[in-house]
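This report concerns only the one structure given below.
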């Protein structure tokens with residue numbers, strides 16, 4: 001059976017280590033490298049993917065989901081059905097004007113959905129990464145280029161409790177291999193690796209890590225990720241304020257397309273206290289506080305970001 005090995009690249013340490021492992025263990029002609037560009041990546045990550053290609057001597061195909069048709073269909077739905085449901089004409093006109101595809105996958109997805117993803121409804125991963133990658137893998141089989149695809153995924157069980165529960169298996173086993181269907185098989189070769197193992201793989205082949213890891217970021221897949229914590233939000237606001245500006249514009253655009261006329265990239269950080277801190281500017285202000293958001297931590301606010309700061313000891 002002819003097999004192609006498709007390695008998913010995110011620009012982060014885990015997928016880079018997985019790519020290095022694939023290059024060491026599989027014939028190059030059987031390898032394909034792909035990245036799903038969500039439209040919410042930091043520019044440094046996109047530049048890093050270019051660097052990876054040059055340094056490792058590989059080609060990384062960029063995939064981008066397209067939700068133009070979905071946005072247009074929803075615009076037609078708003079025009080034809082919202083008035084029948086009693087939505088005021090001014091609100092219908094506002095939403096129709098906002099329901100125009102932008103060409104940015106992440107933003108168009110949120111415009112179509114009328115909201116941003118959340119931890120409980122993390123539809124961004126499914127629509128922006130999983131579906132485009134699966135469609136690409138199935139296309140390799142359908143076009144006759146191979147009979148089966150091994151989908152190499154750079155995931156580690158110590159990244160989160162939920163991932164450990166889902167992939168731990170029984171005893172000493174881990175769920176490193178399973179059948180996805182249609183001739184596609186999921187392969188997770190670094191499940192038991194640590195973050196240090198991943199950076200060691202970089203070092204052995206002379207590949208520099210993504211520079212964001214030395215700028216206070218513990219994750220680099222999106223900028224920011226919807227799962228970013230308080231410290232990460234503060235660090236992003238200091239180092240990359242233009243990305244905060246971008247999110248503010250995105251919130252306004254998605255809000256305009258929403259029936260509720262409100263959309264926030266992050267939820268209220270403390271709903272129980274009814275702080276009403278939805279909206280990226282309020283969340284950034286909250287990231288500058290202590291004692292449950294009650295007191296501004298002026299040291300955190302005015303402290304300049306370090307030239308090199310790493311959660312993984314890369315600056316030592």
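The values are calculated or read from the model by the stated rules, or taken from the named source; none is laboratory data. As the structure is a prediction and not an experimental result, all values here were calculated from the model. Using ideal geometry, Cβ is built from the backbone for each residue, glycine included, and neighbour counts are taken over all protein chains shown.
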Scan of segment 71-87 for residues that are buried (at least 17 other Cβ atoms within 10 Å of the Cβ) and assigned to a helix (DSSP H, G or I), ordered by number:
71, 74, 75, 78
Looking at segment 88-126 only, could you name the residues that are surrounded by fewer than 20 Cβ atoms within 10 Å (Cβ to Cβ) and in a helix (DSSP H, G or I)?
89, 90, 91, 92, 93, 94, 96, 97, 98, 123, 125, 126
If residue 242 satisfies all but one of (1) under 30 Å from residue 265 (Cβ atoms); (2) modelled with pLDDT under 95, what's the number of the condition it fails?
(2)
I'd like the full set of residues that are in contact (Cβ under 8 Å) with a residue 40 or more places away in the chain and out of contact with any strand residue (DSSP E or B) (no Cβ under 6 Å at 6 or more places or on another chain), limited to segment 24-48.
38, 39, 40, 41, 42, 44, 45, 48
From the list 53, 61, which residue is over 24 Å from residue 261 (Cβ atoms), in contact with a strand residue (DSSP E or B) (Cβ under 6 Å, 6 or more places away or on another chain) and in a helix (DSSP H, G or I)?
53
From (1) touching a helix residue (DSSP H, G or I) at 6+ places or on another chain (Cβ under 8 Å); (2) within 30 Å of residue 29 (Cα to Cα); (3) part of a loop (DSSP other than H, G, I, E, B), pick out the condition that doesn't hold for residue 144.
(1)
With criteria (1) within 20 Å of the chain's Cα centre (by Cα); (2) on the phi > 0 side of the Ramachandran plot, residue 206 comes up short on (1)
Looking at the structure I just gave you, is residue 169 touching a helix residue (DSSP H, G or I) at 6+ places or on another chain (Cβ under 6 Å) and on the phi > 0 side of the Ramachandran plot?
no
When you check residue 247 against the structure, is it within 15 Å of the chain's Cα centre (by Cα) and part of a helix (DSSP H, G or I), yes or no?
yes
How many of the residues in segment 1-49 are surrounded by fewer than 16 Cβ atoms within 10 Å (Cβ to Cβ) and more than 26 Å from residue 313 (Cβ to Cβ)?
8
So residue 176 clears everything in (1) surrounded by 14 or more Cβ atoms within 10 Å (Cβ to Cβ); (2) modelled with pLDDT of 95 or more; (3) within 28 Å of residue 17 (Cα to Cα); (4) in contact with a helix residue (DSSP H, G or I) (Cβ under 9 Å, 6 or more places away or on another chain) except one condition, right? Which one?
(2)
Return the residue satisfying two criteria in turn: it lies in segment 173-195 and is assigned to a strand (DSSP E or B) and in contact with a strand residue (DSSP E or B) (Cβ under 8 Å, 6 or more places away or on another chain), and of such residues it is nearest to residue 140 (Cα to Cα).
184
Can you go through 220, 254 and tell me which one is closer than 30 Å to residue 74 by Cβ, in contact with a helix residue (DSSP H, G or I) (Cβ under 9 Å, 6 or more places away or on another chain), crowded, with 19+ Cβ neighbours inside 10 Å and not assigned by TED's automatic domain parsing to the domain that holds residue 57?
254
Considering segment 56-65 alone, what residues qualify as being surrounded by fewer than 14 Cβ atoms within 10 Å (Cβ to Cβ) and touching a residue at least 12 places away in the same chain (Cβ under 8 Å)?
59, 61, 62
